[in-house]
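Encoded as structure tokens, the structure appears first; notes follow it.
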Amino acid sequence: MLMGKTLLPFMLLLFVFLLILVNGVHCFGEKKLLKLQQFQWKQKWDASSCLSQKSRKEKGATILEMKHRDYCYGGRIKDWNKLLQKRLILDDGRVESLQARIKRNMASTKEIVVSDTGIPLNSGVQLGTLNYIVTVELGGRKMTVIVDTGSDLTWVQCQPCKSCYDQNEPLFNPSASPSYQSVLCNSSQCQSLASATGNEGTCANHPPTCNYVVSYGDGSYTRGELGHDHLNVGNTAMENFVFGCGRNNEGLFGGASGLMGLGRSSISLVSQTTAIFGGFFSYCLPSTEEGASGSLVLGGNASVYKTSRPISYTRMIPNPQLSTFYFLNLTGISVGGVTLQDSSFGKQGMLIDSGTVITRLPPRIYKALKAEFLKQFSTFPLAPPFSILDSCFNLSAYQEVEVPTIKLQFEDNAQMNVDTTGVFYFVKTDASQVCLALASLSFEDEVGILANYQQRNQRVIYDTKGSKLGFAQESCSFT
């Protein structure tokens, strides 16, 4: 009788273990369901809804509706497979440019200047990877602009234009705005261009206005002069906002009127609106699903957020040589509840960037993450790798799959739980080639990047005055 009592707990454990095996479930604790049909790219695209996106003011914060530009301009795209694959190639170019700029700046603390030949230095930004757009009002005209935390100068295309790409809205006409004025070349705003864009402002003779040039990593560029005018962000007005009036622009701007720079230099929108918003902004990046929208919130009232979990904060890592970027300290990663072990965690900063698509990790950390993910996702058929993504699967026979959770830990016990929509990148829209949406850097001494694909359905909060950054899960929606 005593032996029977002793064996009873063991038999119960054995029964539970066999039940798990029969049902095909592995002994990994944390998985979430991913419905694959939401990524089949059969949405109805609506460019008209993006020409004048919504805004509101709530509890002292200004909230702008944010959309993925694929939803707005996807009707023009004939071959989605080609676009999705091209975006990865462009993303790799952006990362290479960012790493080159980081190494160049770290090698010398001297201010970046343009060479005598006038060849612009590379800003490290790839325009084809910038995905999220908002609407603002400049000089009384509504403008749809691409949002980028990796850029500082806000600019729009202007009349008369020597060379402009196609955009959906009329070009900004400074002569039609009585409040527009040019910025002089001896001004502090003109002098700030060197640190903000990598190129010094130059002087035009008649009148002595400040000319700028921003050259991006994929060959795209904008050239023109600095000006200032009234800016309305939602219902919040600002006078004498400094921006670039682009007269010669070329690149992959996807129908938008220009770009909004949310970097840390003195000329960025964040710095110029500090007196109004306190250097505080946040966003929730939406997916490309039909009707999906997110929000860009300017101002520091956290009660307007719709987060499902408490916000966890980590400090921004100071980097004097790269002061315009946002750096964090990655201290750990878990996959499916299993904590990765690597001594390199917490030893160098990680850049957070809304313009890079795929998160990049140091080779050793990525190798450990990949091995653990493949271990937990081993029952699904493999597919060939593509470009920077080397862990791919054929999920075309499935309607839904259980995906191991991925959690990133940062200094001060902050944690970002990657949403299921940010775990896989669809190289092919029929799900026959679906890849783990993280990649390895080329070398251990390169800087990791927390990219926009992994930031989906997260409230990401930037407190530049307090020098801290917060994360909390949120189902992105403007309403």
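The values are calculated or read from the model by the stated rules, or taken from the named source; none is laboratory data. Quick caveat, the model's predicted, so the values are computed rather than measured. Heads up, the Cβs are rebuilt from the backbone with ideal geometry, glycines too, and the neighbour counts pull from every protein chain shown. The area values use the complete protein model at the heavy-atom level, side chains included, leaving out ligands, DNA and RNA. Shrake-Rupley method; radii C 1.70, N 1.55, O 1.52, S 1.80 Å.
Okay, here's what the table says:
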item: Inter-centroid distance (Cα atoms) of the range 124-203 relative to the range 267-334, Å; result: 22
item: R0 of 56 Å, Cβ-Cβ distance residue 443-residue 397: FRET efficiency to nearest 0.05; result: 0.90
item: The range 412-479 - accessible surface per residue (Å², probe 1.4 Å); result: 29
item: Amide H contacts under 5 Å for residue 350, placed H, 5+ residues apart; result: 328, 329, 330
item: Per residue, in Å², the accessible surface of the range 258-388 once ligands and nucleic acids are set aside, probe 1.4 Å; result: 35
